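Reading through the structure tokens given below for one structure.
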Amino acid sequence: MKIAVVGATGLVGTKMVELLAERDFPVTEFIPVASERSAGKIIHFRGREYKVVTPAEALLMKPHIALFSAGAGISGEWAPKFAEAGCRVVDNSSRWRMEPGIKLIVPEVNGNTLTESDMIIANPNCSTIQMVVALNLLHSRYKLKRIVVSTYQSVTGSGIKGITQLNRERAAAQQTKTSGNTTPSDTQNLSAYPYQIDMNLIPQIDTFLDNGYTKEEMKMVNETKKILGDDSIAVSATTVRVPVTGGHSESVNAEFEATFELEDIIKTLKETPGVILCDPESDLPYPMPLFAHNRDEVFVGRVRRDLSCQNAVNMWIVADNLRKGAATNAVQIAQLFI
Ligand SMILES: NC(=O)c1ccc[n+]([C@@H]2O[C@H](COP(=O)([O-])OP(=O)(O)OC[C@H]3O[C@@H](n4cnc5c(N)ncnc54)[C@H](OP(=O)(O)O)[C@@H]3O)[C@@H](O)[C@H]2O)c1
């Protein structure tokens, strides 16, 4: 099978390449793709060297499956061309997610809806993926009525420029400490965010919309309904960038139609595919990004009844946004086709 990874030099693309090797994907020809800037660069896959090509060159090589992770513009332009040429596209960008007729897939939740005729398949937003993996089985047992979520999202969610900004700011702070110079950090270092991210939190992910929410917040609202196939679920989201690299964390308040016993919620979470429920008595009493880093599972903890609202529960959900929030989910979708 010929597999192309479009965006192979990026943060998500690099994880995709690692996962294809880890999961022993039946690759007979590997095609790493990036922009003109990276054409000719070498990418290692299963001990061999491959030259990066442009999307146009990759299309001529007629891949069977292409994992896209190069931004919405590239997906908008190239995914239909690859699909028309008979290549199945799993797209990580936001370009096709809400498009009618395009499926938005989290394999543990709605992977069973995929059919042979689906040529472009959308991978949801990272924050949405980890939330729906955790809530899916609870929804089928108790029916979700409303979700209130606040996120604490890693800088890796902004790609290479997010990590670069954080690292530059940390290096500058270290230099200031050593030299005793107290000049505020150089604003030229701001490549991903409008403000310093080190020692800070930024309550803005993506751009603001007319309704006062950010695009990232509205992605969580709309994508949750589409994946769970239920427009009646009310979702309220606040998304925040934090100076963390290991993964995204979420405080989630979920209200259900049905009454429940807390022990049954805990039992359901233990039975939920893709979820690891942290045991308060164990070495990892609650999920944290440092421990979710490089893992494919969604970690859930701090599960407790909401004392202010009947039929509601609070929980803390953590996952590696580059793995389950992006690359792992995309590779799982490709595996479903195989
Ligand atoms: N980071 C996450 O947690 C996350 C989660 C879910 C979804 N996503 C989505 O995944 C996509 C990539 O994110 P990322 O974090 O990996 O970003 P990134 O680290 O900035 O990587 C971007 C990739 O896109 C490639 N690219 C840029 N312009 C291109 C062009 N004209 N033609 C072909 N390739 C081009 C880059 O190649 P060059 O090296 O040549 O520039 C690079 O490989 C975005 O759509 C993002 O929204 C990210």
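The values are calculated or read from the model by the stated rules, or taken from the named source; none is laboratory data. Because the structure is a prediction, the values reported are computed rather than measured. Neighbour counts run over all protein chains shown; Cβ positions are idealised from the backbone, glycine included.
Within the range 275-329, the residues that satisfy the criterion of being in a loop (DSSP other than H, G, I, E, B) and among the hydrophobic types (A, V, I, L, M, F, W, C) are CYS278, LEU284, MET288, LEU307, CYS309, LEU322.
If you go through the range 114-138 and keep only what is assigned to a helix (DSSP H, G or I) and in contact with a Phe, Trp or Tyr (Cβ under 8 Å, 6 or more places away or on another chain), you end up with just LEU138.
Among the residues of the range 126-141, are any surrounded by fewer than 17 Cβ atoms within 10 Å (Cβ to Cβ) and in the same structural domain as ASP264 (by TED's automatic domain parsing)? Within the range 126-141, one or more residues are surrounded by fewer than 17 Cβ atoms within 10 Å (Cβ to Cβ) and in the same structural domain as ASP264 (by TED's automatic domain parsing). Of all the numbered requirements in (1) without any contact (Cβ under 8 Å) to a residue 40 or more places away in the chain; (2) away from the ligand (no atom under 16 Å from the Cβ), THR164 misses one, and that requirement is (2). Residue count for the range 1-16, restricted to those that are among the small types (Gly, Ala, Ser) and over 17 Å from the mean Cα position of the chain (by Cα): 1.
Scanning the range 17-29 turns up no residue that is in contact with a Ser or Thr (Cβ under 8 Å, 6 or more places away or on another chain), within 10 Å of the ligand (Cβ to nearest atom) and among the aliphatic types (A, V, I, L, M). Taking (1) crowded, with 18+ Cβ neighbours inside 10 Å; (2) more than 15 Å from the ligand (Cβ to nearest atom); (3) among the charged types (D, E, K, R); (4) free of Cβ contacts under 8 Å to residues at least 60 places away in the same chain in turn, GLU108 satisfies each apart from (4). Residues of the range 266-311 being within 30 Å of MET16 (Cα to Cα), of a type in the set (Lys, Arg) and in contact (Cβ under 8 Å) with a residue 24 or more places away in the chain, which ones? Within the range 266-311, just ARG295 meets the criteria. Quick one: is GLU255 outside any loop (DSSP other than H, G, I, E, B), out of contact with any helix residue (DSSP H, G or I) (no Cβ under 8 Å at 6 or more places or on another chain), among the acidic types (Asp, Glu) and under 30 Å from ARG305 (Cβ atoms)? Answer is yes for this residue.
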